[in-house]
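Below is one structure; the comments refer to it alone.
Here, each number is a calculation from the coordinates, and none is a lab measurement. Fair warning: this is a prediction, and the values are worked out from it, not measured in the lab. Ideal geometry is used to build each Cβ from the backbone, glycine not excepted, and the neighbour counts take in all protein chains shown.
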Amino acid sequence: MTVLPRAFYEQEVTDVARSLLGKCLVRRWQGQFLTGMILETEAYRGEEDLACHAKSGRTPRTDVMYGAAGHAYIYFTYGMHWCLNAVCAAEGFPAAVLLRSVWPLTGLEEIAKRRGRFPLEKWCDGPAKICQAFNLNGKLNRANLCTTDDELWIEDGVEFPAERVVIGPRVGISSVPEPWRSLPWRFLIQLTEEEKA
DNA sequence: AGCACGATTAACT
DNA sequence: GTTAATCGTGCTC
């Protein structure tokens, strides 16, 4: 397995969101590795994107999105949930890919400590569920995803053919005005029952 | 200082 | 389909 290099993230954020499908999210935790295959992503792009947190400019919260690509942006929302993004694009331009769903691969016993009360298919099928499952919170905000120095990174994985990629509008932004609400910036792989086994 | 709301989830009718 | 949970963030006064 190869850790994705910084150059991978220094691209158009929509391209990175598409390319992240099939890649492997890795969390080092208490001497073991929790991993999962990325199945759903969304792109958030620039201050003009009214769905993007950077719509209100550079603030303490959004500062990391303006920095170098290949770092984690982990934010807190709804008073209880954390969500994980990968910062993309050139330094100075705020953009990030939200990881919305992964398929758990290893460290299942550890993941089950937090998600085991639900069926396996529901362990990581939402942005805040990923953070619960992988034990991610603000402590890993700004983590460097391009090395194994921090406890979070992304490695090479499976290549899905283009016809497997479902593309549609981003979810959870119904109060955002057009055209942003309907831009096709969500990318999804639907696993077959065979692939889940 | 106060306020409205959120890139959500899970439980409930 | 509806709603509570729960608090950081950015905006208004």
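So for segment A:110-157, Kirkwood radius off the Cα pairs, Stokes-Einstein at 10 °C and 1.306 mPa s: how many µm² s⁻¹? After rounding, the answer is 134 µm²/s. Computed over chain A with a Gaussian network model linking Cα atoms closer than 10 Å, the most mobile of A:Thr14, A:Thr77, A:Thr35 is A:Thr77. Relative contact order of chain A, taken over Cα pairs closer than 8 Å and 6 or more residues apart, is 27 percent. Distance between the C-alpha centres of segment A:142-194 and segment A:71-135: 11 Å, rounded to the whole angstrom.
Evaluated with a Cβ-only charge set (Lys, Arg +1; Asp, Glu -1), chain A carries a dipole of roughly 720 debye about its Cα centre, given to the nearest 20.
A protection proxy built from the mean count of other Cβ atoms within 10 Å ranks the segments A:128-136, A:101-109, most packed first, as A:128-136, A:101-109. Taken one residue at a time, the phi angles of segment A:146-162 give Karplus couplings (6.51, -1.76, 1.60, θ = phi - 60°) of 9, 9, 9, 5, 8, 9, 8, 7, 10, 10, 3, x, 9, 9, 8, x, 4 Hz. Gly and Pro are set to x.
Between A:Met65, A:Met80, A:Met37, the Gaussian network model of chain A with springs among Cα atoms under 10 angstrom shows the greatest mean-square fluctuation at A:Met80. Taking chain A as a Gaussian network, where each spring joins two C-alpha atoms under 10 Å apart, which residue of A:Arg164, A:Arg45, A:Arg28 fluctuates the most? Checking each option, the largest mean-square fluctuation is seen for A:Arg164.
Calculated [222 nm] ellipticity per residue, helices only, for chain A: -3500 deg cm²/dmol; basis is -39500 (n - 2.57) per DSSP H run with n ≥ 4, divided by all residues, nearest 500. For A:Lys23, the aspartates and glutamates whose Cα falls under 13 Å of its own Cα, not counting residues fewer than eight places away in the same chain, are A:Glu40, A:Glu155, A:Asp156, A:Glu159. Max-minus-min Cα coordinates of chain A on each principal axis give 42, 35, 34 Å, with the largest extent listed first. Sequentially through segment A:72-78, phi angles give Karplus couplings (6.51, -1.76, 1.60; θ = phi - 60°) of 7, 10, 10, 10, 9, 8, 6 Hz, Gly and Pro residues having no value and appearing as x.
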